[in-house]
Amino acid sequence: MKAIIYGAGNIGRGFIGQLFSQSGYELTFIDVSDELISALNQEKRYPIRILDESSEFCKEDIWVEGVSAVNSMNKEDAAKAISECDLMATAVGVRVLPHIAPVIAEGTKKRFSKNQKPLNIIICENLIDVHKVLEKMIKEHLTAEEQKDFDANVGLVEASIGRMVPIQTKEMQDGSPLRICTESYGFLPVDKTAFKGTIPEITGMYPFDNFDFYVQRKIFVHNMGHGICAYFGMIRGDKYIYETINHSGVRYIVQNAMMESAIALSAKFQTNLEDIYNHINDLLNRFSNKSLGDTCARVGADTVRKLGNNDRFIGSLCNCIKEEKNASFISAGCSVAIYCHLRENNIPQKTEFAAEELKNISNIEGASAAGIIHYYSLLCQSLLTGNFDEAIEKLVKAASTHRGNIIQEVI
């Protein structure tokens, strides 16, 4: 069996490649890096090293065997590989999707000129409704007749990527530039309803009917909490996520914000709140993983996208509003993100500029925006004197006073 993975980066090699390989697939990566492609074709395998607190000094690797690679600039070879594979995945990042859509379109055309064998593409990108986005991009390069073949035979399957893979350092590579160091978390929820034909049996992959819940849990609980932690870390001057999450005040805000989002999701999808609460506890422990060495800079990158109307911060806030649930700690987290955005862009830290940027980026105003700006103002008052702990204390007090301690409410 042959599998194509579009993107040989951290998630492509460090997660999906591992699962596909363990499930018996020969892997072909499509990527843009000449150096990486050459190394994969020469070695025909690569190592994965699991970094957990219990294995901090472990040097044992998991080897992914039977690997080859194709340069995405060679569109003919890339399309040919897609036309011949049994399964495919993308792990390129949302911004790269427009560049790979024409190649996927060409690959499906070549495929359907030979046979009508279904092709399932597992989309490992961090965006709600990414299957609709990619479908639109691909169909722009297909005729009406080809679009019918596509609809009948191609499954665009959303996946929720929970594994955290840090930026790879020279130390992590440990003599092998192909080595990927990552955490052990290996749970891959996918949209059961999107598959065409038989659902492939993949180690660690779990097809769910109510998949929207898992997508939103990932973005509005995991990503949102992770992001709040990262922006606090940037303000505090921390390099690593584990340093920041171990600050008791930051952890308190992050945990409460995640629980606010969990309560809204539980109401929206009629799911068990205790299960999400257990997931949050697991996430907080994973954020604390010192061995992983995940950085605030990586998690907090691309602030504008993260403040988008349907992304982790504002999306979780809007969920709470729709479900009529409190979101004071989420609003406090949003204020930290907007503070970092202003600082990144050398915009003066003033409420009027924060409100303007929030409206332009997030498209929110009125009471929701006013709540965020209120916390932003409290944050600025303390940070102007360089007192981080005082800023945390003010945010905690204000958010707790607004609607009580949500952690205590749900236990």
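Look at (1) crowded, with 17+ Cβ neighbours inside 10 Å; (2) touching a strand residue (DSSP E or B) at 6+ places or on another chain (Cβ under 7 Å) and you find that I167 fails only one, number (1).
Select from region 281-296 the residues that are surrounded by fewer than 21 Cβ atoms within 10 Å (Cβ to Cβ) and either assigned to a helix (DSSP H, G or I) or modelled with pLDDT under 95 (or both) and list them in ascending order. Of everything in region 281-296, those that are surrounded by fewer than 21 Cβ atoms within 10 Å (Cβ to Cβ) and either assigned to a helix (DSSP H, G or I) or modelled with pLDDT under 95 (or both) turn out to be N281, D282, L284, N285, K290, S291, G293.
If you take the residues in region 24-39 that are within 25 Å of the chain's Cα centre (by Cα) and not aromatic (F, W, Y), which one is surrounded by the most Cβ atoms within 10 Å (Cβ to Cβ)?
The first filter runs over region 24-39 and keeps only residues within 25 Å of the chain's Cα centre (by Cα), leaving 25, 27-33, 36-37.
Narrowing the set further to residues that are not aromatic (F, W, Y) leaves 27-28, 30-33, 36-37.
Details: L27: 28, T28: 25, I30: 30, D31: 23, V32: 15, S33: 15, L36: 19, I37: 21.
Checking each candidate, the answer is I30.
Look at (1) in contact (Cβ under 8 Å) with a residue 40 or more places away in the chain; (2) surrounded by 20 or more Cβ atoms within 10 Å (Cβ to Cβ); (3) within 19 Å of the chain's Cα centre (by Cα) and you find that I123 fails only one, number (1).
For region 107-116, the condition holds for at least one residue, the condition being that it is within 29 Å of R163 (Cβ to Cβ) and without any contact (Cβ under 8 Å) to a residue 40 or more places away in the chain. In region 235-248, is there at least one residue being among the basic types (K, R), part of a helix (DSSP H, G or I) and without any contact (Cβ under 8 Å) to a residue 60 or more places away in the chain? No, that holds for no residue. Note on region 304-315: among residues that are under 22 Å from G162 (Cβ atoms) and either without any contact (Cβ under 8 Å) to a residue 40 or more places away in the chain or part of a helix (DSSP H, G or I) (or both), the one that is farthest from the chain's Cα centre (by Cα) is I314. Note on region 316-345: among residues that are touching a residue at least 24 places away in the same chain (Cβ under 8 Å) and among the polar types (S, T, N, Q), the one that is surrounded by the most Cβ atoms within 10 Å (Cβ to Cβ) is S316.
The single condition from (1) under 26 Å from P189 (Cα atoms); (2) crowded, with 17+ Cβ neighbours inside 10 Å that R111 fails is (1).
When region 239-260 is filtered for residues that are in contact with a Gly (Cβ under 7 Å, 6 or more places away or on another chain) and aliphatic (A, V, I, L, M), the ones remaining, listed by number, are I241, I253, V254, A257, M258. Of the residues making up region 53-67, at least one is farther than 16 Å from I5 by Cα, of a type in the set (D, E, K, R) and touching a Pro at 6+ places or on another chain (Cβ under 8 Å). Pairs linking a residue in region 367-395 that is basic (K, R) to a residue that is loosely packed, with under 15 Cβ neighbours inside 10 Å, with Cβ atoms under 9 Å and 6 or more positions apart or on different chains, are K394/Q381. Which of the residues that make up region 58-77 are in contact (Cβ under 8 Å) with a residue 40 or more places away in the chain and either more than 12 Å from R179 (Cβ to Cβ) or within 26 Å of the chain's Cα centre (by Cα) (or both)? Selection gives D61, I62, V64, E65, G66, V67, S68, A69, V70, N71, S72, M73. Restricting attention to region 81-100, the residues that are surrounded by 20 or more Cβ atoms within 10 Å (Cβ to Cβ) and under 12 Å from V130 (Cβ atoms) total 4. Annotation: of all residues in region 235-251 being among the β-branched types (V, I, T) and over 12 Å from G300 (Cβ atoms), the one that is farthest from the chain's Cα centre (by Cα) is V250.
Within region 208-234, the set of residues being touching a Pro at 6+ places or on another chain (Cβ under 8 Å) and not in a helix (DSSP H, G or I) comprises F208 only.
Residues in region 126-139 that are charged (D, E, K, R), within 21 Å of the chain's Cα centre (by Cα) and part of a helix (DSSP H, G or I): K132, E135.
The values are calculated or read from the model by the stated rules, or taken from the named source; none is laboratory data. Predicted, not measured: the structure shown is a model, and the values here were computed from it. Virtual Cβ from ideal backbone geometry, glycine too; neighbours counted across all protein chains shown.
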